[in-house]
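The values are calculated or read from the model by the stated rules, or taken from the named source; none is laboratory data. Model, not experiment: these values are computed from the prediction. For neighbour counting, all protein chains shown are included, and Cβ atoms are generated from backbone atoms with ideal geometry for every residue, glycine included. For accessibility, only protein heavy atoms count, side chains too; no ligands or nucleic acids. Shrake-Rupley method; radii C 1.70, N 1.55, O 1.52, S 1.80 Å.
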Amino acid sequence: MGTRRTPLPGVGTQYDIASRDGRHISVVAHEDGRRFIGFFDPEDPDSCQGTVALDEEEAARLASILAPQKPTVTLHDGELGLDLVTERIPIEPDSPYRGRPMGDTRARTRTGASIVAVLRRTGAHPSPGPDFRLEAGDTLLVVGTREGVADLADIIAGA
């Protein structure tokens, strides 16, 4: 399976994926968050069989279905003698913290849980400061008590 990335100046980026069975799928990721998925005939790579247009929220939901988050990793009481959990908390498009600095969450003050990294499509950002801006699609790597982490997940979701 191969992937080719092609910058499209002023538009975004095109990703071409060839599956193991020879199928060709193309995704055009526009700078404004829209996505177009195209399906091509393996016998005629220039012939598009169909496209699906997705807005930013639809693309994020499809991505979460295709690549679901890993299960929560728990440090059991016997390990290190602490009752801590680590969890990945997604920043959904409807989160009240989307586009805002991480410090606005007041995570540690409100819950005792710590955001130890922000995972973004472009890479990981360990130990982000309070000025780090959160974006839809980011995933927070959080450490804390089970209750504190659950409370932080509720805060990030706007519950």
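Things to note:
- Residues of region 43-66 that are of a type in the set (Val, Ile, Thr) and touching a residue at least 12 places away in the same chain (Cβ under 8 Å): Thr51, Val52.
- Of the residues making up region 115-159, just one is on the phi > 0 side of the Ramachandran plot and in contact with a helix residue (DSSP H, G or I) (Cβ under 6 Å, 6 or more places away or on another chain), namely Gly137.
- Strands (runs of 3 or more DSSP E) wholly inside region 47-146 containing at least 2 residues that are modelled with pLDDT of 80 or more: 84-90, 114-120, 123-126, 139-144
Yes/no per residue for (1) over 29 Å from Glu58 (Cβ atoms); (2) among the small types (Gly, Ala, Ser):
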position	(1), (2)
Tyr97	no, no
Ala107	no, yes
Val116	yes, no
Ala136	no, yes
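- Residues of region 1-28 that are open to solvent by 50 Å² or more (accessible area, probe 1.4 Å) and either in a loop (DSSP other than H, G, I, E, B) or touching a residue at least 40 places away in the same chain (Cβ under 8 Å) (or both): Met1, Pro9, Gly10, Val11, Arg20, Asp21, Arg23.
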